[in-house]
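Colleague: Below: one structure in structure tokens.
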Amino acid sequence: MMKLKFLLFVLISQSLIAQKVPLKLWYNKQAEYFEEALVLGNGNQGATIFGGSKTDKIFLNDITLWSGEPVDPYMNKDAYKAFPAVKEALQNENYKAADSLIRKMQGKFSESYAPLGTMYIDFGHENVSNYYRELSLDEAISRVTYKTGNTIITKEYFYSYPDKAFIIKLKSSEVGKLNFTLKFDSQLKFDVKTTENQLQFSGRAPVKADPSYVNNKIDPVVFDQKRGTRFFGSIFIKSISGKTVKTDTTLGIKNGTEVILAVCMATSFNGFNKDPETQGKDEKAFVNSRITPLIQKTYTNLKARHLSDYQKFYNRVNLDLKPDLSIDLPTDERLRRYATGAEDKYLETLYFQYGRYLLISSSRTEGVPANLQGLWNPHMRPPWSSNYTMNINAEENYWLAENTNLSEMHTPFLGFLENLEKTGRITAKTFYNANGWACHHNSDIWAMTNPVGDFGKGDPVWANWAMGATWATTHLWEHYIYTKDIDFLKNKAFPLMKGAAEFCLDMLTKDKNGQYITAVGTSPENVYITDKGYKGATLYGATADLAMIRELFIDLIEASNILKSDYDFKNKLEEVLANLHPYQVGKKGNLQEWYYDWDDAEPKHRHQSHLYGMYPGNHINMAETPGLAAAAKTTLEIKGDETTGWSKGWRINLWARLWDGNRAYKMYRELLKYVEPDGVKVNYQRGGGTYPNLFDAHPPFQIDGNFGGAAAVAEMLMQSTADKIYLLPALPDAWKSGSIKGLKARGGFELDIVWENCQLVSAKITGKPGGETELVYKGKSKKIKAVRDEVVFWEK
Ligand code: FUC
């Protein structure tokens with residue numbers, strides 16, 4: 001009887017897991033601006049498709065194409081000599097002197113992510129009707145169709161990971177009506193050559209490119225014929241119909257019907273510490289070796305291989321918020337409609353899955369993580385060099401990796417940390433005479449770790465923040481705790497985390513009360529006002545520093561227990577943790593950002609690094625530290641909801657961790673606020689939101705908000721610690737009924753959750769053998785122990 005009841009319950013709850021709703025972005029007009037175009041990527045290379053009928057413009061990118069060469073980590077080898085004076089100035093409460101002296105501890109700027117080039121397909125179709133353009137998230141395929149005269153033109157595009165090529169199928173409904181010409185252009189130095197069926201391009205990235213905010217240089221971008229990263233590519237006509245027509249620089253088809261194009265590209269980048277010219281990969285040999293296998297495969301076969309590769313990741317998670325499917329509007333119109341306050345669960349789901357889509361499409365290159373723009377960059381001097389900004393942005397890119405079941409996509413970032421550690425050890429020694437390894441505000445493909453600022457010209461408020469390794473290495477622990485991969489913990493994670501902690505230990509000193517604080521620090525990009533009225537950046541004991549150190553040390557102590565090793569080191573960490581300067585609640589009831597209860601120069605500042613312990617960290621939480629959580633909430637109230645895209649993404653997660661689903665939802669709507677393409681209204685002062693192609697608007701475009709926002713949707717529906725899983729902890733009233741399948745929880749669990757009328761109906765948990773956790777829902781809890789890969793149900 002019991003068994004029957006259980007089976008019945010299983011069947012009923014499973015039937016509530018609704019069908020998969022097809023998810024796509026679609027438009028009834030061609031893209032004019034970058035922020036309207038649709039992006040594809042295979043985690044290594046990408047295409048931005050405008051879908052034009054006269055000319056189809058397609059930006060091409062390769063994630064390994066950056067300006068520069070391997071960095072010289074000894075660039076300011078005596079910088080450490082300035083450090084004692086900075087510490088002394090702070091001890092004497094001379095903040096102005098500290099801000100000035102610390103500039104001696106700066107090095108070069110990061111290098112810049114380069115735009116590879118643009119491919120044009122000229123069709124010359126001017127007056128077209130029935131225009132339609134889409135990006136299917138279920139397939140990672142983009143399509144365009146329109147009518148010209150009596151002919152229907154269809155185009156289908158995908159970027160294959162298994163076949164390492166961008167594939168385009170062009171077709172006319174009437175025989176012999178397909179005519180087009182291919183061209184290539186680039187803002188870099190390049191050459192073009194044609195053969196019977198190939199348009200080949202080769203070129204080189206700059207050997208140096210300064211950030212766009214450095215305006216005082218005569219030569220901000222420097223090319224050198226013999227230095228820097230090379231690229232090579234071929235657009236080839238895979239299956240010819242009609243006649244090929246070629247000039248020295250163009251290749252075309254006359255009177256064709258169906259043509260398949262393949263684009264294959266490579267760069268000479270061969271690792272962060274290898275000269276891309278003298279020790280580079282042979283990019284031409286690689287491309288040439290790909291052509292025959294591509295020609296041998298049919299289009300159907302290429303597409304099937306692409307789909308099975310992509311869908312094995314994408315299909316792991318399905319979110320069903322019970323959208324109203326009668327609303328069928330182009331994505332840009334949906335966004336505008338949503339901005340008026342309309343309900344749109346389809347759009348809310350689309351945005352979530354788009355984040356997952358973008359990560360699969362931009363993060364599959366060993367040691368080269370998704371950058372500020374993922375991998376889609378049209379600019380010669382992209383905003384903030386499209387670099388790795390380590391004081392939030394690079395990490396935010398990966399917040400969704402584990403909980404939305406894309407653990408493999410986390411590994412490019414984790415591998416990158418191995419590179420950073422190599423340069424970071426030299427940075428720690430030469431800038432601080434410290435042990436371990438350090439990383440600062442900015443990095444690049446060359447794994448630079450020095451404080452930036454062009455040797456003294458940078459504002460310490462961003463340049464001299466030293467907690468990059470501390471923050472980034474907590475990702476290694478997160479990867480372990482989600483996957484329970486003990487070899488990874490032992491061989492990869494622990495050594496890197498330990499190195500980051502060793503640096504922290506050397507940065508700590510004792511305050512007047514005998515408590516540990518960082519001797520010198522900053523709170524990312526925020527400015528304090530001292531009680532004497534000085535507005536500055538450098539201080540001791542910044543809350544954010546201590547929060548990140550606290551989180552890393554907690555993780556390391558746990559890791560040492562698991563690995564049963566490094567007990568002396570663990571004892572030291574425990575001693576520091578027990579005596580670390582505690583959080584302070586300020587006069588406004590806020591969580592204090594500064595060591596003293598000073599005012600902020602900008603109380604609504606976009607950064608909230610001192611709330612790190614609540615999210616992405618977890619040592620401030622509703623269950624164990626409700627007082628601190630309340631202070632963090634007050635800080636968020638003071639800051640308000642108007643901020644940049646990435647900051648909105650972060651705040652949704654913070655509200656979710658405060659178990660305030662409605663407020664998190666309100667913030668999610670803020671993130672999805674419609675923003676015009678930059679070309680229409682360039683006004684970087686306006687708040688963050690979402691462009692027509694669902695790219696996050698900082699503004700300008702910055703991908704971290706997409707990732708942070710998607711992570712937050714998962715966080716609203718499920719939260720986890722190493723030993724607890726909270727079901728529907730921040731479910732908003734707006735998401736009354738629904739289901740989510742395939743979320744990952746810490747401890748190696750996978751969950752399917754169903755709810756109705758804002759109440760949990762069922763949770764299905766699959767655990768790794770031996771895994772233990774406690775399910776918590778509205779004050780009730782249930783312990784789970786997985787004996788083998790098994791399924792456990794929680795009944796309402
Ligand atoms: C930090 C942020 C900015 C921007 C940049 C890439 O400096 O403060 O808002 O996101 O990184």
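The values are calculated or read from the model by the stated rules, or taken from the named source; none is laboratory data. Just so it is clear, the model here is predicted, and its values are computed rather than measured. With ideal geometry, Cβ positions are generated from the backbone for all residues, glycine too; neighbour counts draw on all protein chains shown. Keep in mind that these areas ignore ligands, DNA and RNA; they rest on the heavy atoms of the full protein, side chains included. Shrake-Rupley method; radii C 1.70, N 1.55, O 1.52, S 1.80 Å.
Colleague: What single numbered condition from (1) of a type in the set (D, E, K, R); (2) assigned to a strand (DSSP E or B); (3) surrounded by fewer than 23 Cβ atoms within 10 Å (Cβ to Cβ) fails to hold for R133?
Modeller: Going through (1) of a type in the set (D, E, K, R); (2) assigned to a strand (DSSP E or B); (3) surrounded by fewer than 23 Cβ atoms within 10 Å (Cβ to Cβ) one by one, R133 breaks only (3).
Colleague: So, one more: If the requirement is being assigned to a loop (DSSP other than H, G, I, E, B), over 12 Å from the mean Cα position of the chain (by Cα) and more than 16 Å from the ligand (Cβ to nearest atom), which of these qualifies: N419, N435? So that I can check it myself, show each step before the final result.
Modeller: On the way: N419 fails: assigned to a loop (DSSP other than H, G, I, E, B).
Being assigned to a loop (DSSP other than H, G, I, E, B), over 12 Å from the mean Cα position of the chain (by Cα) and more than 16 Å from the ligand (Cβ to nearest atom) holds for just one of N419, N435, which is N435.
Colleague: Let me ask another. Name every residue in the range 357-400 that is without any contact (Cβ under 8 Å) to a residue 60 or more places away in the chain and more than 16 Å from the ligand (Cβ to nearest atom), in order of residue number.
Modeller: The answer is E366, and nothing else.
Colleague: Within the range 725-754, how many residues are under 21 Å from I652 (Cα atoms), assigned to a strand (DSSP E or B) and over 23 Å from the mean Cα position of the chain (by Cα)?
Modeller: Count: 6.
Colleague: Give just the number: which of (1) open to solvent by 60 Å² or more (accessible area, probe 1.4 Å); (2) within 16 Å of the ligand (Cβ to nearest atom); (3) not basic (K, R) does E593 not satisfy?
Modeller: (1)
Colleague: Inspect the range 450-462 for any residue being assigned to a loop (DSSP other than H, G, I, E, B), in contact with an Asp or Glu (Cβ under 8 Å, 6 or more places away or on another chain), among the basic types (K, R) and open to solvent by 10 Å² or more (accessible area, probe 1.4 Å) and give the result as yes or no.
Modeller: no
Colleague: Is it true that I740 is at pLDDT below 95 and hydrophobic (A, V, I, L, M, F, W, C)?
Modeller: no
Colleague: Oh, and also: Can you tell me which residue among L294, L325, L329, L307 is in the same structural domain as F158 (by TED's automatic domain parsing), aliphatic (A, V, I, L, M) and over 27 Å from the mean Cα position of the chain (by Cα)?
Modeller: Going through L294, L325, L329, L307 in turn, the sole match is L294.
Colleague: Looking only at the range 46-63, count how many residues are more than 17 Å from T181 (Cα to Cα), of a type in the set (V, I, T) and touching a Gly at 6+ places or on another chain (Cβ under 9 Å).
Modeller: Residues of the range 46-63 that are more than 17 Å from T181 (Cα to Cα), as a first pass: 46-48, 60-63.
Cutting the leftovers down to of a type in the set (V, I, T) gives us 48, 63.
Now narrow it down to the ones that are touching a Gly at 6+ places or on another chain (Cβ under 9 Å): 63.
Qualifying residue count, the range 46-63: 1.
Colleague: Given the criteria more than 16 Å from the ligand (Cβ to nearest atom), open to solvent by less than 30 Å² (accessible area, probe 1.4 Å) and either over 28 Å from the mean Cα position of the chain (by Cα) or within 24 Å of N442 (Cα to Cα) (or both), does I517 qualify?
Modeller: Yes, satisfied.
Colleague: Moving to a separate point now. Taking the condition of being more than 16 Å from the ligand (Cβ to nearest atom) and open to solvent by 10 Å² or more (accessible area, probe 1.4 Å), how many residues in the range 644-660 meet it?
Modeller: 4
Conditions tested, residue by residue: (1) open to solvent by 10 Å² or more (accessible area, probe 1.4 Å); (2) in contact with a Cys (Cβ under 6 Å, 6 or more places away or on another chain); (3) modelled with pLDDT under 95; (4) farther than 20 Å from K169 by Cα.
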{"site": "Y33", "(1), (2), (3), (4)": "yes, no, no, yes"}
{"site": "T55", "(1), (2), (3), (4)": "yes, no, no, no"}
{"site": "I58", "(1), (2), (3), (4)": "no, no, no, no"}
{"site": "D72", "(1), (2), (3), (4)": "yes, no, no, yes"}
{"site": "N76", "(1), (2), (3), (4)": "yes, no, no, yes"}
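Colleague: Could you give me the residue pairs with C-beta distances under 9 Å whose first residue belongs to the range 460-471 and is in contact (Cβ under 8 Å) with a residue 24 or more places away in the chain, whose second residue is among the acidic types (D, E) and within 14 Å of the ligand (Cβ to nearest atom) wherever it lies, and which are 6+ apart or on separate chains?
Modeller: These pairs meet every condition: V461/E525; W462/E525; W465/E525; W471/E395.
So that you can scan it fast, the table gives a plain yes or no per residue for (1) in a loop (DSSP other than H, G, I, E, B); (2) touching a strand residue (DSSP E or B) at 6+ places or on another chain (Cβ under 8 Å); (3) at pLDDT below 95:
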site: S142; (1), (2), (3): no, yes, no
site: Y157; (1), (2), (3): no, yes, no
site: P162; (1), (2), (3): yes, no, no
site: F166; (1), (2), (3): no, yes, no
site: E174; (1), (2), (3): yes, yes, no
site: N179; (1), (2), (3): no, yes, no
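Colleague: What residue, of I638, I725, is of a type in the set (V, I, T), touching a Phe, Trp or Tyr at 6+ places or on another chain (Cβ under 7 Å) and either more than 30 Å from P378 (Cβ to Cβ) or not assigned by TED's automatic domain parsing to the domain that holds G589 (or both)?
Modeller: When all the criteria are applied, what remains is I725.
Colleague: Can you confirm whether the range 577-588 contains a residue that is within 24 Å of N491 (Cβ to Cβ), at pLDDT 95 or above and of a type in the set (F, W, Y)? Write out each step before concluding.
Modeller: Quick first cut of the range 577-588, residues within 24 Å of N491 (Cβ to Cβ) only: none.
No; the residues of the range 577-588 include none that is within 24 Å of N491 (Cβ to Cβ), at pLDDT 95 or above and of a type in the set (F, W, Y).
Colleague: Looking at this structure, is M409 assigned to a helix (DSSP H, G or I) and more than 11 Å from the ligand (Cβ to nearest atom)?
Modeller: Yes; evaluated as a whole, the condition is true for this residue.
Colleague: Of all residues being out of contact with any helix residue (DSSP H, G or I) (no Cβ under 8 Å at 6 or more places or on another chain) and among the charged types (D, E, K, R) in the range 97-128, which is most open to solvent (accessible area, probe 1.4 Å)? Just the residue, please. I'd like the intermediate steps shown before the answer.
Modeller: Residues of the range 97-128 that are out of contact with any helix residue (DSSP H, G or I) (no Cβ under 8 Å at 6 or more places or on another chain), as a first pass: 100, 108, 114-128.
Add one more test, that the residue is among the charged types (D, E, K, R), and what stays is 108, 122, 126.
Details: K108: 58, D122: 37, E126: 123 Å².
The selected residue is E126.
Colleague: Here are some residues: A711, A734. Which one is farther than 15 Å from Y357 by Cα and more than 16 Å from the ligand (Cβ to nearest atom)?
Modeller: None of the others qualify; the one that does is A734.
Colleague: With respect to the numbered conditions (1) assigned to a helix (DSSP H, G or I); (2) open to solvent by 20 Å² or more (accessible area, probe 1.4 Å); (3) out of contact with any strand residue (DSSP E or B) (no Cβ under 8 Å at 6 or more places or on another chain), which one is the sole condition not fulfilled by K87?
Modeller: It is condition (3) that K87 fails.
Colleague: Can you spot a residue in the range 531-543 that is away from the ligand (no atom under 16 Å from the Cβ), more than 22 Å from K96 (Cβ to Cβ) and either surrounded by fewer than 18 Cβ atoms within 10 Å (Cβ to Cβ) or under 30 Å from the mean Cα position of the chain (by Cα) (or both)?
Modeller: For the range 531-543, residues away from the ligand (no atom under 16 Å from the Cβ), more than 22 Å from K96 (Cβ to Cβ) and either surrounded by fewer than 18 Cβ atoms within 10 Å (Cβ to Cβ) or under 30 Å from the mean Cα position of the chain (by Cα) (or both): absent.
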